[in-house]
Amino acid sequence: MIKKKLIKNARKVDQFLIKFLKKQQLSLLVKPMKYGVISGGKKIRSTIIFDVGKIFNINEKKLINICAAVECIHSYSLIHDDLPCMDNDNIRRGKPATHIKFGEASAVLAGSSLLTLAFEIIADQKYLLSFKAKSEIIKSLATCSGHTGIAGGQELDLKFENKKKRINQIVDMQKKKTGKLFNFCLYAVGVVAKKNTKEKLFLGNLGEEIGLLFQLADDFLDYRGSKKVLGKPVKKDHKKGKSTLLNLMGEKKAYLFANNLKRKILRKLEKHGKSAKELISTIEFILERKF
């Protein structure tokens, strides 16, 4: 059921991105950009956006631009993370990483182009949101993508390698590296739903916790998953001396931490009743996923 939902949602976002890129002037970077963002990965962030949209009864057409922008940001970060100067990974989503397929320079430029494309997708005239809403969404996306978000988290991730760090330092790093983009996913839906500041901040913080849960699940998969199923190398965190909660606490305690976090997230969704059932099913999937 959840797998079908993920595939269906991923297809919608891929189709939107293909159409959007088709309307643009062709460049040599379109091919590596498409390679990095289309027909790859679970696009779980998009599913979460659609799921939260159901809580507030928002039409998917009002959310598709946000989904596409998020996937561009996520793919840009993966393309850059895989580079030899960072995590130096050759396989991504079951195929050669972008820098292996197209060369390092093209990968850097394609990643940077996906980053800027995300903002173009939100700002697009055909995206019928108010100027105020678009401005708020763009500001939030910038905050979650730059040095206070994904980029800053990746910098900490690299600096923490082979160093003993405290739980709160690792949680802070993972909330930036992974959690901030999930924060944006929920916050942006709150903007579209015209929620007040308190509710939008509540949604953003909830998104950050979902992102931390997702990162923990990713760490478990790296530890005990298979390269064939995941489509990327496994056990690399341990080899590289990555600072993860799993490495610090051990598998049993880390899983207990993750389970408690999941329960905390689900408790916060109780107030939304049946309208949150899709989001709840996705959160349940996150921790137990095998891919």
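Readers should treat all values here as calculations from the given coordinates under stated rules, not as data from a laboratory. These numbers were taken from a predicted model, which means no experiment stands behind them. Cβ sites come from the backbone with ideal geometry, for glycine too, and all protein chains shown count toward neighbours.
Modelled spin labels at PHE56 and HIS272, positioned 7 Å past Cα toward Cβ, are 1.0 nm from each other. Solvent-free Debye calculation, one equal scatterer per alpha-carbon of region 2-288: log10 I(q)/I(0) at 0.08 Å⁻¹ equals -0.31.
Taking a cut-off of 13 Å, what percent of all Cα-Cα pairs in region 133-202 are separated by more than that? It works out to 65 percent of all Cα pairs.
Filter LYS12/LYS239; LYS62/LYS180; LYS176/LYS274; LYS200/LYS240 down to the pairs with a C-alpha to C-alpha distance above 27 Å, please.
On the way: LYS12/LYS239 37 Å; LYS62/LYS180 22 Å; LYS176/LYS274 31 Å; LYS200/LYS240 37 Å.
From LYS12/LYS239; LYS62/LYS180; LYS176/LYS274; LYS200/LYS240, over 27 Å: LYS12/LYS239; LYS176/LYS274; LYS200/LYS240.
Per-residue 3J(HN,Hα) values for region 69-76, derived from phi via the Karplus relation 6.51 cos²θ - 1.76 cosθ + 1.60 with θ = phi - 60°, read 4, 4, 5, 5, 5, 4, 5, 4 Hz in sequence order (x marks Gly and Pro). The alpha carbon radius of gyration of region 95-221, expressed as a multiple of 2.2 N^0.38 Å, is 1.19.
As a rough footprinting exposure proxy, the listed residues MET33, MET1, MET173, MET86 were ranked by other beta carbons within 10 Å of their own, and the order from fewest upward is MET1, MET86, MET173, MET33. Sequence-ordered 3J(HN,Hα) estimates for region 5-20 from the Karplus curve with 6.51, -1.76 and 1.60 and θ = phi - 60° stand at 4, 4, 5, 4, 5, 4, 5, 4, 5, 4, 4, 4, 5, 4, 5, 5 Hz, glycine and proline given as x. Among THR98, THR244, THR116, THR197, sorting on how many other beta-carbon atoms sit within 10 Å of each Cβ, with the fewest leading, yields THR197, THR116, THR244, THR98.
Computed from phi, the 3J(HN,Hα) profile of region 174-191 under the Karplus parametrisation 6.51, -1.76, 1.60 (θ = phi - 60°) reads 6, 5, 6, 5, 10, x, 4, 6, 5, 3, 4, 3, 7, 4, 4, 5, x, 5 Hz, with x in place of Gly and Pro. Legend: distances between Cα atoms for LYS19/LYS134; LYS3/LYS61; LYS3/LYS132; LYS126/LYS264; pairs beyond 29 Å are LYS3/LYS132; LYS126/LYS264.
Return the tail of the calculated pair distribution for region 170-291, meaning the percent of Cα-Cα pairs more than 27 Å apart. Before the final figure, lay out the partial values.
On the way: 1536 of 7381 pairs.
So the pairs more than 27 Å apart make up 21 percent of the total in region 170-291.
Among PHE220, PHE214, what is the fewest-to-most ranking by other Cβ atoms within 10 Å?
Numbers: PHE220 19, PHE214 22.
Placing the least packed residue first, the sequence is PHE220, PHE214.
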